[in-house]
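Reading through the structure tokens given below for one structure.
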Amino acid sequence: MVGFDDVMLQLMEKLIYGELGRQVIPIVGMGGIGKTTLARNVYEKPLISHHFDICAWIAISQQFNIRELLCEILFQVDRVEKERLSQMKEDEIGLALHKCLSYRRYFIVLDDMWSIGAWEKLQRYFPDNSNGSRILVTTRLSNLGSQLDRNDGLKMKFLNEESSWNMFCKVVFGGKSCPLELEKIGRKIVESCRGLPLSIVVMGGVLGKLDPTKECWESIRGSINSLVNLENDNHCLKILKLSYNHLPVYLKPCFLYMGTYEEDKVVRVSEIIKLWVSEGFLKPIRGKILETVAQEYLGELVDRNLILVHEYGNTGSMKYLKIHDLLRDLCLREAESERFYHVVGKHSPPQGESSTVA
């Protein structure tokens, strides 16, 4: 959490101390600014898990199903068999959740909320036990934050110049110092990211794969110069598009295919590999089976910070992956412009409803 130590301490103080009544704490900020990263870092702190009797994390997203959300929370807090949950009505699941949370201090994260409607339907099942229970909500919408908390919660700010530079060096050089001949150009590139962490780590992923020469870095800086006057959202997407433009040809279809998954979807690595193989995206390499090639492609996309590892397996290999919603937006835009697949629906194309074009 480069540059966010103060915010993390402030959030932990709100979670552990403060009023005893059930409290909703929104984390508000634009996409890519680090809301989910902050929430995840705090959620995984031993101090937090020891303080609360029950902890649960669910992603809301723009399209949500209340019954499915209640099922997921109840499964996390009480390990109710999913087969049994499938036979229960929505109210029955909600009442079972309410009963499970009663008289216990709980901490629930509702990640990526887009409307007050989701909260209004869920809140009745979260009892106020007057014991310091907390509900953490991440959202891009400031007005939603003010509806959830009269104090507007925590507002994420852009990184300052030095924190941005430290994050960039950590991504590109593993925390080591930047070579002196590249520092001036590097700082100009970081400045163009406007303190947005996602832009910084993705640009760092691009430069980490290029030769560390002034010529290579100057070419990147030249591409960025045209983005100076764009609004934040468009500026961010254009920065991210540069990372797509610099992908090797063989990785582009693999990356674009990630857009066919629903927003915030956690995807099993073995599933992605099977789909890539069946679609014919993988370039045969002598002496390697296609599944091994796919693992290497995934590793490259992770190294470039275009895909996030959600969970590792027991052997240390990648087991589940996710893609940031802004990068997913990039996939959808590029796929449509390249006629790679057709997007069905307004927000999120459900898996299986996209069609690739040969």
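The values are calculated or read from the model by the stated rules, or taken from the named source; none is laboratory data. Note that this is a predicted model, so its numbers are computed, not measured. Glycine gets a Cβ as well: all are built from the backbone with ideal geometry, and neighbour counts include every protein chain shown. Just so you know, the surface numbers come from the protein's heavy atoms only, side chains and all, with ligands and any DNA or RNA stripped out. Shrake-Rupley method; radii C 1.70, N 1.55, O 1.52, S 1.80 Å.
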Out of all the residues in region 1-16, which are surrounded by fewer than 20 Cβ atoms within 10 Å (Cβ to Cβ), under 21 Å from ASN166 (Cβ atoms) and in contact with a strand residue (DSSP E or B) (Cβ under 8 Å, 6 or more places away or on another chain)? VAL7, GLN10
Looking at region 293-316, which of the residues that are polar (S, T, N, Q) and at pLDDT below 90 is nearest to the chain's Cα centre (by Cα)? ASN305
Selection from region 71-85 of residues open to solvent by less than 80 Å² (accessible area, probe 1.4 Å) and either among the hydroxyl-bearing types (Ser, Thr, Tyr) or within 19 Å of LYS265 (Cβ to Cβ) (or both) yields CYS71, GLU72, ILE73, PHE75, GLN76
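Could you list, in sequence order, the residues of region 133-171 that are open to solvent by less than 10 Å² (accessible area, probe 1.4 Å) and assigned to a loop (DSSP other than H, G, I, E, B)?
Filtering region 133-171 down to residues open to solvent by less than 10 Å² (accessible area, probe 1.4 Å) leaves 133-139, 144-145, 154, 164, 168.
If the condition is that a residue be open to solvent by less than 10 Å² (accessible area, probe 1.4 Å) and assigned to a loop (DSSP other than H, G, I, E, B), then SER133 is the only one that fits.
Only residues that are in a helix (DSSP H, G or I) and open to solvent by 20 Å² or more (accessible area, probe 1.4 Å): list them for region 86-118, please.
So the first thing to find is which residues in region 86-118 are in a helix (DSSP H, G or I), and the list is 90-101, 116-118.
Matches in region 86-118: GLU90, ASP91, GLU92, LEU95, ALA96, HIS98, LYS99, ILE116, GLY117.
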Run GLU291 past the list (1) touching a residue at least 24 places away in the same chain (Cβ under 8 Å); (2) surrounded by fewer than 18 Cβ atoms within 10 Å (Cβ to Cβ) and report the number of the one that doesn't hold. (1)
Return the pairs, sorted by first residue and then second, in which the second residue is aromatic (Phe, Trp, Tyr) and modelled with pLDDT of 90 or more, the first residue lies in region 48-70 and is open to solvent by 60 Å² or more (accessible area, probe 1.4 Å), the beta carbons are less than 8 Å apart, and the residues are 6+ apart or on different chains. ASP53/TYR106
Are any of the residues in region 248-267 among the acidic types (Asp, Glu) and at pLDDT 90 or above? no
